[in-house]
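Novice: Could you have a look at this structure, given as structure tokens, before my questions?
The values are calculated or read from the model by the stated rules, or taken from the named source; none is laboratory data. From a predicted model like this one, the values you see are computed outputs, not experimental measurements. Methodologically, a virtual Cβ is constructed for each residue, glycine included, from the backbone with ideal geometry; neighbour enumeration extends over all protein chains shown.
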Amino acid sequence: MKKIILLATIGLFGFSFNKIRSFVPPGTVQINDSLFADECEISNFAWQEYESWVSTIYGPKSKQHLAVLPDTSVWTKAKSFNMPYMNHYYRHPAYKEYPVVGITYEQAIEFCKWRTERVKTYLTIKKDFKNQNLEYKLPTKEQWEKIAETSSVFLTNGGLDLQGRYKFNFADVTDSIVYKPVANELADVTAPVKSYLKNAFGIYNILGNVAEMLQEKGISKGGAWNMDLEKCRIGNEVSYTQTESWLGFRCICIVRK
């Protein structure tokens, strides 16, 4: 049973062997010789894989399973939206490719550890021992800025293209009002993790959509669906102290020779 679950999990993350790069960790694109980054933010579906694995191994009523559940009440907080999102955003199939939110820093760290273990186990099954010196983790500030540097072009012209459409998912914010023009028709709140434009590294939504946690606890970067353009700028940071409807994460992977 465990082997079946493992293989399903690895398959859903995606695995790539490339003739030029020889090995690319699951779900990532290459930034330099040792640094790889997730193509997308961690989605509800990816988190559900994690939750399902924990539930199957430890039991659905176990403390381990309860510890990985997202905080869906984030959608009822001020400046968020309302009860339908709390009830449906994480579980409903329509949102499976949207970024997971309501995750704590500690939960994100544990996910990275779990993902590292599952990939190493998969490589062992495949008898690939040379690529096992890898680790998924949250990016440092410097690593995140490296990954995001080619996205600076998205910030020109107020974040809009020549037709007035959003290049990424942010908002016009006036006091307590979040206003999204019809031009941003891809998103009322978050958008699917493969939305808008990729940057030159092949990464989606490094700016906007959800702010992304860093290794430095309490700091996120990239801005989010309910934040103005300034908060999405590469050099800026957004602090957090709790779970939020605008806060998610992506992993990097360090591969050592």
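Novice: State all residues of the stretch 190-204 that are touching a helix residue (DSSP H, G or I) at 6+ places or on another chain (Cβ under 7 Å) and surrounded by 18 or more Cβ atoms within 10 Å (Cβ to Cβ); if no residue qualifies, say none. Even if it seems obvious, please write down each step before you answer.
Specialist: The first filter runs over the stretch 190-204 and keeps only residues touching a helix residue (DSSP H, G or I) at 6+ places or on another chain (Cβ under 7 Å), leaving 197, 199-201, 203.
Selection gives Asn199, Phe201, Ile203.
Novice: Now for a separate question. Which residue is nearest to Lys231 (Cα to Cα), if the candidates are limited to the stretch 123-138 and must be touching a Phe, Trp or Tyr at 6+ places or on another chain (Cβ under 9 Å) and modelled with pLDDT of 95 or more?
Specialist: Leu138
Novice: So for the stretch 95-112 (the condition being at pLDDT 95 or above, over 23 Å from Pro192 (Cα atoms) and surrounded by 13 or more Cβ atoms within 10 Å (Cβ to Cβ)), does at least one residue qualify?
Specialist: Yes.
Novice: Select from the stretch 205-224 the residues that are surrounded by 24 or more Cβ atoms within 10 Å (Cβ to Cβ) and part of a loop (DSSP other than H, G, I, E, B) and list them in ascending order. It would help to see each step written out before you state the result.
Specialist: Taking the stretch 205-224 as the starting set, the residues that turn out to be surrounded by 24 or more Cβ atoms within 10 Å (Cβ to Cβ) are 205-213, 220-224.
Result: Asn205, Ile206, Leu207, Gly208, Asn209, Val210, Gly222, Gly223, Ala224.
Novice: Taking Glu41 as the residue in question, decide whether it is in contact with a strand residue (DSSP E or B) (Cβ under 8 Å, 6 or more places away or on another chain) and closer than 15 Å to Ile103 by Cα. Full working, then the answer.
Specialist: Values: in contact with a strand residue (DSSP E or B) (Cβ under 8 Å, 6 or more places away or on another chain): yes; closer than 15 Å to Ile103 by Cα: yes.
Yes, satisfied.
Novice: A further question on this structure: When you go through (1) surrounded by fewer than 19 Cβ atoms within 10 Å (Cβ to Cβ); (2) in a helix (DSSP H, G or I) one by one for Val119, which number turns out not to apply?
Specialist: Val119 satisfies every listed condition except (1).
Novice: Quick test of your reading of the structure: Ile57 fulfils all but one of (1) exposed (fewer than 13 other Cβ atoms within 10 Å of the Cβ); (2) at pLDDT 95 or above; (3) assigned to a helix (DSSP H, G or I). Name the failing condition by number.
Specialist: (1)
Novice: Go through the stretch 139-152 and count every residue that is surrounded by fewer than 13 Cβ atoms within 10 Å (Cβ to Cβ) and in contact (Cβ under 8 Å) with a residue 12 or more places away in the chain.
Specialist: Narrowing the stretch 139-152 to residues surrounded by fewer than 13 Cβ atoms within 10 Å (Cβ to Cβ): 142.
In the following step, the residues that additionally are in contact (Cβ under 8 Å) with a residue 12 or more places away in the chain were identified as none.
So the count comes out to 0.
Novice: Looking only at the stretch 171-184, decide whether some residue is charged (D, E, K, R) and modelled with pLDDT of 90 or more. Let's see the steps before the verdict.
Specialist: Start the filter on the stretch 171-184 by keeping residues that are charged (D, E, K, R), which leaves 172, 175, 180.
Still in the list and also modelled with pLDDT of 90 or more: none.
No, the stretch 171-184 contains no residue that is charged (D, E, K, R) and modelled with pLDDT of 90 or more.
Novice: Going by the conditions given, is Val189 outside any loop (DSSP other than H, G, I, E, B) and either at pLDDT below 95 or more than 15 Å from Glu39 (Cβ to Cβ) (or both)?
Specialist: On the way: outside any loop (DSSP other than H, G, I, E, B): no; either at pLDDT below 95 or more than 15 Å from Glu39 (Cβ to Cβ) (or both): yes.
So Val189 does not fit the description; no.
Novice: Among all residue pairs at least 6 apart or on different chains, which show Cβ distances below 6 Å where the first residue, located in the stretch 61-72, is touching a residue at least 40 places away in the same chain (Cβ under 8 Å) and assigned to a loop (DSSP other than H, G, I, E, B) and the second is of a type in the set (Ser, Thr, Tyr) and surrounded by 15 or more Cβ atoms within 10 Å (Cβ to Cβ)?
Specialist: From residues that are touching a residue at least 40 places away in the same chain (Cβ under 8 Å) and assigned to a loop (DSSP other than H, G, I, E, B), the pairs are Pro70/Tyr90; Asp71/Thr243.
Novice: Being under 26 Å from Pro70 (Cα atoms) and in a helix (DSSP H, G or I) is true for just one of Glu145, Glu97, Glu106. Which residue is that?
Specialist: Working: Glu145 fails: under 26 Å from Pro70 (Cα atoms); Glu97 fails: in a helix (DSSP H, G or I).
None of the other options fit; the residue is Glu106.
Novice: Please work out which one of (1) over 19 Å from the mean Cα position of the chain (by Cα); (2) under 21 Å from Val193 (Cα atoms); (3) of a type outside the set (Lys, Arg) is the condition Asp128 fails and give its number.
Specialist: It is condition (2) that Asp128 fails.
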